[in-house]
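Below is one structure; the comments refer to it alone.
Derivation of every value follows stated rules applied to the coordinates shown; laboratory data play no part. It should be emphasised that the depicted structure is a prediction, and the values quoted were computed from it without experimental measurement. Neighbour counts run over all protein chains shown; Cβ positions are idealised from the backbone, glycine included.
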Amino acid sequence: MTTVLPLPTYRNEKPYPFCPGCGHGSILDTLNEALVILGTDPAEVVIVSDIGCSGLSDQYFATSAFHGLHGRSITYATGIKLARPELTVVVIMGDGGTGIGGTHLINAARRNIGVTVLVLNNLNFGMTGGQHSTTTPEGAITSTTPLGNLEHPLEICGTVGVNGAGYVYRGTSFDEALHDRMVDAIQHPGFALLDIWDLCTAYFVPKNRMGKKGLEQTIDQLGLEKGVLYQRDAQDYGAAYRQAAAAAGVRRAPDTIPIEFASPLEAAMSFVVAGSAGAKVRSAARLFGEAGIRSGLWATLRGDYPVTVKTGHSVSQVIMSREQQPPVAVTIPDVLVLASDDGLKKVAGMAAAMGPGQLLITTPEFASVATGAEVLVVDPDAWSGRIPKTQLALVLLAAAARRTGVVTPEALAAAGAGPFETANLAAIEAGTSMVGRP
Amino acid sequence: MREFIDGATAIVRGALDSGCTFFAGYPITPASGILMQMMRELPKTGGIAVQGEDEIASIGMCIGATLAGARAMTATSGPGISLYSENIGLAIMGEVPLVIVDVQRLGPSTGAATTVAQGDVQFVRWGTAGGYPIIALAPSTVPEAYRLTARAFELAERFRCPVFLLTDKELTMSLTTVDSESLTHDPVGARATESAGPPYRYEPADAVFPIHEFGSGATVRFTGSTHDQHALITKHGPTIGALNRHLIAKIEDHRDEIELVEVDADGDARTVVLGYGITGGAVRTAVARGRAAGKALTGVVVQSLWPLPETALRKAFDGMDRVIVAELNPGLYRREIDRIAMDRNVVGIERIDGDLITPDQILEMAM
């Protein structure tokens, strides 16, 4: 039988590189105490460090470690925790990291990612020359606030606390029970943050004549509370995700299309459908293309539309061919289907460039459009049933199919099966019936 | 059986069939289709897909997850690659296998979200500080999008580096008819890992060593800073030199494993037409039409853009007087072709107005 003895330390043998009197070493010693209390396998503890003086921390521990980019430590910690939920993930960042990585801080709290964040908050950038940070108190002198800091300091604990963090504590490196709070934080299943104020003896202390007492007074003067400020029992994101994913089902097999009809098409033929966004132009073009595939052809469909979804133009280009083909640009199509004024604005030049042997299919509204192509006018009002705007593109494409003979009405109908079958079949019947064969 | 699918669907299937277990991304046209499909499909396979708060978080999560044993992919467009930049450097330095899909749109800046371009071809190569190599693949058809996604995962694992799948709005969002059988790939093998010894090794320079993953039972250190073999920050010159030479040699010395170029050679041709990505389709069509019209042409579609497939390209250029490079940018890849084309006449067909280069445009230049 093997007996596992508690590790005497999670530190390695290397002395800290911090300045005399710097609070960082004391906080890291406290983390070590907490890890000893917890007794977790050091390989299963991942210290994710940020940049700056606090970013050196991971090198003094015998645990696993990830040293990444400034402000991004929480994102790496999130990835590690999601991929391996059994690991203990501890982020060590400075007040600098809360500025440059503020969005990650808020969002990890909001998601309740099960990591512990230690903010070594010494109120300025110690490594790069004592510049002010997001937590520098108003009026403080730093190398970049020679006139006194004019910015309001970030309230880290409140920010993560009101946004869903599981456990939030504020204190200083001098707190007697800090190791116990670290144990609580690490044991909390959700997002835990300890905002630990400490002294930067290289810069902030001499410039602002601050000591232990001054540090604690500053917290008071800012009207900030100390101690455990937020505690919320909620499932962490990873656990919630895995639980929800259990009901996600299995990957569906791809939708395959059988070849069950024939097409007389020999040379490749291009169709452009121009209409309005939101009027099911692309859906109609897709149905048309699928009818081609059901007829043994190879179809491609390219779309052109603005960034808006339900306004402006929607132009779809379908090429049918006997051979497999990549999507290529069509300058002048064999058939242009024009369904609306939005569409005309996009394809007026194309219509004008079309000539004999090419076909333009449209409604009476655009019957006099400038083009050299043969114009086939389909009047939706002449049809016995009502044709909604969202079916017009399909009506005109069905007319194009009928006139060119590229696919049969049966192939269109087969492609139109599914949730919109009734509307599709009505449109296909209307378009097919209103034009004759060539 | 046939299918009518877009490139995004092919990329997602390629990723899932390659054992991708983690995805994080931020919505951006024209890459959102990949994000949405991954969010829907990955949980069904036991994997995890996250919509990050921004692109920086998304790639950061992917890197963290990879080091914890996941096989990760992210997808964005040019503006997102801008935000990925620092973490691309981290993945290079820390030797993280990662697949990054760049669905290019017209730039610069936010440019035109729903408009095609190929303006990121140099950006992905030089998009982070330091100038160290990455690998980039560019599919020109939907089946290629599937296969090259799988290939990207293979190369990422093989070389422990970020691999870009450089695609574009048209290939990703256009529907193409494909044979279901063409969307198959051999499974991507398990990751080489180890848990003993130092996490990094640099000798021999071109060798790639197994990854040390978090949660493997042994203590693991990872760093994005210049480091020694134990992932400890170093300023020791010989160690730094060995590390950086290794980051270069592991890719550059193995170009032959990465090169992927489709050459449709015509023994009588004196002109070669070259394209990549979506423009590859216009190149193939133009070459076929040119030949039908009695003009001998050689067509080249480059699938592995970086490192530059010099051996295959030099061979394809052998006997040619003229190289026509077609691309949807101001001649960005042509700079590389110029560099290796010797005294051949290199001319460009550039399109930066948001439309595709047409086969006719190429033929006009080639005939």
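Counted by Cβ distance under 13 Å from A:Q235, the other residues give a net charge of +1, where Lys and Arg count +1 and Asp and Glu count -1.
Our summary of shape: the Cα atoms of segment B:315-367 have principal axis extents of 32, 23, 15 Å, ordered from largest down, in whole angstrom. Ordered by the count of other Cβ atoms within 10 Å of each Cβ, fewest first, B:V50, A:V162 give A:V162, B:V50. Under the criterion of Cα pairs below 8 Å and six or more residues apart, the relative contact order for chain B equals 16 percent.
With θ taken as phi - 60° and the Karplus curve 6.51 cos²θ - 1.76 cosθ + 1.60 applied, the whole-hertz 3J(HN,Hα) list for segment B:83-97 is 6, 6, 2, 5, 7, 4, x, 4, 5, 5, 5, x, 6, 9, x Hz, x standing for glycine and proline.
What share of the DSSP beta bridges in the protein assembly as shown is antiparallel, in percent to the nearest 5? Mind showing how you got there, number by number?
On the way: 39 of 116 bridges.
Bridges in the protein assembly as shown are about 35 percent antiparallel.
Mean residue ellipticity, 222 nm, helices only, the protein assembly as shown: the sum of -39500 (n - 2.57) across DSSP H runs of n ≥ 4, divided by residue count and rounded to 500, is -10500 deg cm²/dmol. Pair-distance distribution P(r) for segment B:173-263, from all Cα-Cα distances in 5 Å bins starting at 0: 2, 11, 14, 16, 16, 11, 8, 7, 7, 4, 1, 0 percent.
For the pair segment A:340-391 and segment A:123-179, the centres of their Cα atoms are 66 angstrom apart. Based on every Cα atom in segment A:9-49, Rg and the maximum pairwise Cα distance Dmax equal 11.1, 32 Å. The Cα center of segment A:4-71 and the Cα center of segment B:63-107 differ in position by 28 Å. The alpha carbons of segment B:1-113 occupy a box of 43, 37, 21 Å along the principal axes, longest dimension given first. The 3J(HN,Hα) values that the Karplus relation (6.51, -1.76, 1.60; θ = phi - 60°) gives for segment B:271-282 are, in residue order, 10, 10, 9, 10, x, 7, x, 4, 5, x, x, 5 Hz. Gly and Pro appear as x.
Using Cα centres only, tell me the gap between segment B:199-230 and segment A:242-269 in whole Å. After rounding, the separation between the Cα centres reads 43 Å. Under 5 Å between amide hydrogens, built in the peptide plane, is the criterion, and for A:L229 it picks out A:V168, A:Y169, A:R170 among residues at least 5 positions away or on other chains.
The slack between A:K389 and A:I259, meaning 0.36 nm per residue of separation minus the straight C-alpha distance, is 43.7 nm. Here segment B:254-297 is treated as a Stokes sphere of Kirkwood radius computed over C-alpha pairs; at 4 °C and 1.567 mPa s its diffusion coefficient rounds to 112 µm²/s.
The fewest-to-most ranking of B:T176, B:T285, A:T311 by surrounding Cβ atoms within 10 Å reads A:T311, B:T285, B:T176.
As a ratio to 2.2 N^0.38 Å, the alpha-carbon radius of gyration for segment A:279-391 is 1.09.
When only Cα pairs below 8 angstrom with a gap of at least 6 residues are kept, chain A shows a relative contact order of 10 percent.
Taking only the Cα atoms of chain B, the ratio Rg/Rh comes out at 0.98, with Rh defined as the Kirkwood radius.
Which shape class, rounded, prolate or oblate, goes with chain A when its Cα gyration tensor gives a ≥ b ≥ c as root eigenvalues, a/c under 1.5 marks rounded, and past that a/b bigger than b/c marks prolate? Please list the in-between numbers first.
Details: a/c = 3.81, a/b = 2.69, b/c = 1.41.
Since a/c reaches 1.5 and a/b is larger than b/c, the shape of chain A is classed as prolate.
Both numbers refer to the Cα atoms of segment A:76-137; Rg and Dmax are 13.1, 39 Å. Check B:I5: other-chain or 5+ apart residues with amide H under 5 Å from its amide H, H built from backbone geometry? Residues meeting the amide H criterion: B:T176, B:V178.
For the protein assembly as shown, the spread of Cα coordinates along the three principal axes comes to 94, 66, 64 Å, biggest extent given first. Per the Cα gyration tensor, segment B:242-367 maps to an equivalent ellipsoid with semi-axes of 27, 16, 12 Å, ordered largest to smallest.
Please state, to two decimals, what the Cα-based radius of gyration of segment A:22-72 comes to when divided by 2.2 N^0.38 Å (N = residues). Write out the running numbers ahead of the final one.
Details: Rg = 11.1 Å, N = 51, 2.2 N^0.38 = 9.8 Å.
For segment A:22-72, the normalised Cα radius of gyration comes out at 1.13.
Can you sort B:D321, B:D266 from fewest to most other Cβ atoms within 10 Å of each residue's own Cβ?
On the way: B:D321 12, B:D266 16.
Ordered from fewest to most neighbouring Cβ atoms within 10 Å, B:D321, B:D266 come out as B:D321, B:D266.
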